[in-house]
Each structure stands twice: as structure tokens, then as C-alpha cells.
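First comes the structure, then the notes that go with it.
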Amino acid sequence: MRLPDGTVLMHVAAPYDPVKAHAYYLKTRELKGRTKGSAEGSPTFSVRTAKGTTVKLSQKQLVEQQVYAAKRVADIKQNLMELSKKLRQAIAEAKKKEAKSKKPDTAAEKSKKARDSEQYRKKNKTKLATKSKQAAKKKAKADPVDQLKAKISQIKGRLVAAVAIQRALASATKNN
């Protein structure tokens, strides 16, 4: 093929052949398939994760993630409310038990108990030391109020993380 200035158009070492180029185009055109994925009109969104990385999501994925995050936050809040209610009940029961067991003693009863306990402590020093250690371990394991408080603090941590994810999804920026 000749250019308007009279020179021959060359590709590598051979002159340009338009028929051969067209045949090559038809051959390669048929081999290439359409790439599936986000269409030209479908926008993508950038979401910052807690680790600082950026994730790109389609609009459908973003909506799904937002719905999931909202549901997770609601579930965690519901669980937290239930545990708080149980904690209040456990504290009330513990106070009732403590109030029942503590009725006021007379002065004579107090002094008799003090003498008896002092004599018992003198006779059984080593027994009492081991018993107190065992009782402290059992109380730590069996106390429902402390267990509920520990669960509540764990769930509050989960709630903070879930809310952070929900906020990150809500502040997603549109790329297209």
C-alpha cells in the first residue's frame, strides 16, 4: 500500500497487505469473546475496610452487604438487650438471696458465734486455707452475674465492629 507521499507502508520487513490484514482481523475477531462482568452503565463503589484496604463492589453487592450489616447490627443489639435483661434479673435474685440470708442477730447470738468461730479457726487453720481457695475458684466459675457481664462485654465488642463495617459501607464512594 502506498501512502499519499508515495512511500510504501511497511510492517516489519513485509509491505502492508490490506486483504491479509482484513482476513487476520476477521480471524481474531471471531476468537475473542465478550468479557462478562460489570456493564458500562453499572457503577462500582469503593469501600474502605477496617484494615485500611479498599474493596470495589458493584451496586448489587454493596446493597447486599449493607442489608447484611444492618441485620447483623440489629441481631447483636437484640442479643445485647436480652443479656442486659437477664443480668438485671440475676442481680435482683442475688440481692433477694442476700437479704433473706441476713436477718439481724441479737447481741448474745453475735458474741456466741464469734467465740465459736474463733475456736474453730484455731483448731482448723490449714483446712480453712484450702477451703477458701477452693470456694473462691467455685464462686468465680458459678457466679451468673459475672458470667453475664463477661458475655455482655464480648457482645459490645462485636457490636462496635459491626457498626464500623456498617458505617464503612454507608460511606462507599462511587467510581463511575
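The values are calculated or read from the model by the stated rules, or taken from the named source; none is laboratory data. This is a predicted model, so every value here is computed, not measured. As a convention, Cβ positions derive from the backbone with ideal geometry for all residues, glycine included, and neighbour counts pool all protein chains shown.
Numbers for the structure displayed
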{"quantity": "Subset of segment 112-170 [touching a Ser or Thr at 6+ places or on another chain (Cβ under 9 Å) and β-branched (V, I, T)]", "calculated": "I152, I165"}
{"quantity": "Residue list for segment 150-166, restricted to those being surrounded by 15 or more Cβ atoms within 10 Å (Cβ to Cβ) and of a type outside the set (A, V, I, L, M)", "calculated": "K151, R158, Q166"}
{"quantity": "Helices (runs of 4 or more DSSP H) wholly inside segment 95-176 containing at least 3 residues that are among the acidic types (D, E) and not assigned by TED's automatic domain parsing to the domain that holds T53", "calculated": "107-123"}
{"quantity": "For V55: the one exception among (1) farther than 25 Å from G157 by Cβ; (2) touching a Ser or Thr at 6+ places or on another chain (Cβ under 7 Å)", "calculated": "(1)"}
{"quantity": "Residue identified as within 43 Å of the chain's Cα centre (by Cα), closer than 30 Å to I165 by Cα, assigned by TED's automatic domain parsing to the domain that holds A164 and at pLDDT below 80 among A39, A50", "calculated": "A50"}
{"quantity": "Selection status of V47, outside any helix (DSSP H, G or I), among the β-branched types (V, I, T) and surrounded by 10 or more Cβ atoms within 10 Å (Cβ to Cβ)", "calculated": "yes"}
{"quantity": "Candidates K86, K56, K20, K27 - the one that is assigned by TED's automatic domain parsing to the domain that holds A168, more than 19 Å from the chain's Cα centre (by Cα) and either among the polar types (S, T, N, Q) or at pLDDT below 90 (or both)", "calculated": "K56"}
{"quantity": "Residue in segment 55-66 that is surrounded by 11 or more Cβ atoms within 10 Å (Cβ to Cβ), out of contact with any strand residue (DSSP E or B) (no Cβ under 6 Å at 6 or more places or on another chain) and in contact (Cβ under 8 Å) with a residue 40 or more places away in the chain present", "calculated": "yes"}
